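Beneath this line is the structure, given in structure tokens, with notes to follow.
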Amino acid sequence: MRRSLVVGLLAGSVLGLGACTSSPSGPEPGTTRVARLDGCDGVAHDEVRGPEPGEPHGSLREYRADDAVCDAWWLDLPDDFVPQGLEVAASTAYVVGHRSGEVGSKPCQVAAVALPSGETRAFAARLDPPGSPGRTAYCRHGGGAALTGAGLWVVETSRLWLLDPERLDGAPVLRVWQLGEGVRGSTTAATRGRLVIAGYRPDGPGRARWYDESALLRPGVTTLVEDGAGAGQVAMRRSTRVPARLQGLAFTRAGISWAVSSGIACGVVRPGGPPRDFVPGAEDLVVDRRSIWAVSEASAPPYRDPEGALVPRLLRLDREAVEDGGPATCDL
């Protein structure tokens, strides 16, 4: 069911938008729950901001969690951009993805998107190692993003990249690390001084490997390994299990992990507990005290619904509405 959206303005939240105001009731004593947001009850097609990608169709895909959406954006980006990673800071969303194409030749791309307008402030069409652009060394299939004081981290299958988010239109790459044997990059997240790199497995749980950010940033470190670090290497601090078909990972300020698994038809989020229905094609998320931000690839070629029902590239949802959505029905 789609109902009218209360259009928002920038608020004082660290994550930018305040499209909905909190209801009078506060958190229940002894819990971390917060009041549900008023007005976050879904968006209609004509309420999604920005130019619709591809040929306009005028309809949105329906899914169980769509009535928890507060705001949505198509994003002012090339039609062949495939969203994969997300970070949100103040009035900017950093959207990491890749250009659609043949396997092995999908260049990583990064956009700085102004909020709430959805306009692109800066765009990196390709990431090359600092000082040595070449035909083979560039980043491919950017799968996840993490923002820390050091910069914007982007992970691909076999490498980790650190960018200066203020230089996306110029030469943003600060450093590059190789992922050693057994370390596979699909998505990444940061929490309490650790950078977590997780892998994707379609048929069972995957693994997340935890690294000290300070150790990664030491001069001369070039490779991330599981253990037994040698010269130029840094070993993980620990390994934890992640769900099958993991697409995105985030941590709350309290250090609770949220994991997203998805297909094009539906998605599931695990908010530190039982799974809940989420956005189709969801690839990454950011969890605020009252909101969940997400990017979806469901409307990117070649995944676009041939009948024309689309999912916005960037969405903001009411966190409590998602948490209270009942057991997940999505069958991945």
Take the conditions on the phi < 0 side of the Ramachandran plot, assigned to a strand (DSSP E or B), surrounded by 13 or more Cβ atoms within 10 Å (Cβ to Cβ) and aromatic (Phe, Trp, Tyr) and apply them to Tyr200. Does it pass? no
Run Gly58 past the list (1) surrounded by 13 or more Cβ atoms within 10 Å (Cβ to Cβ); (2) at pLDDT below 95; (3) in contact with a helix residue (DSSP H, G or I) (Cβ under 7 Å, 6 or more places away or on another chain) and report the number of the one that doesn't hold. (1)
Could you please find all residues in segment 106-157 being among the aliphatic types (A, V, I, L, M), more than 23 Å from Leu315 (Cβ to Cβ) and without any contact (Cβ under 8 Å) to a residue 40 or more places away in the chain? Ala125, Ala137
Select from segment 255-312 the residues that are in contact with a Leu (Cβ under 8 Å, 6 or more places away or on another chain) and of a type in the set (Ser, Thr, Tyr) and write down the one among them that is farthest from Pro56 (Cα to Cα). Ser257
So the strands (runs of 3 or more DSSP E) completely within segment 88-163 holding 3 or more residues that are out of contact with any Ser or Thr (no Cβ under 9 Å at 6 or more places or on another chain) are 92-99, 108-114, 120-124, 159-163
Note on segment 211-232: residues free of Cβ contacts under 8 Å to residues at least 60 places away in the same chain, assigned to a strand (DSSP E or B) and surrounded by 17 or more Cβ atoms within 10 Å (Cβ to Cβ) are Tyr211, Thr223, Val225
So which strands (runs of 3 or more DSSP E) stay within segment 257-332 end to end and still have 1 or more residues that are crowded, with 19+ Cβ neighbours inside 10 Å and either free of Cβ contacts under 8 Å to residues at least 24 places away in the same chain or among the polar types (S, T, N, Q) (or both)? 257-262, 291-296
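The values are calculated or read from the model by the stated rules, or taken from the named source; none is laboratory data. These numbers come from a predicted model, not from an experiment. Every residue, glycine as well, gets a Cβ built from its backbone with ideal geometry; the counts of neighbours run over all protein chains shown.
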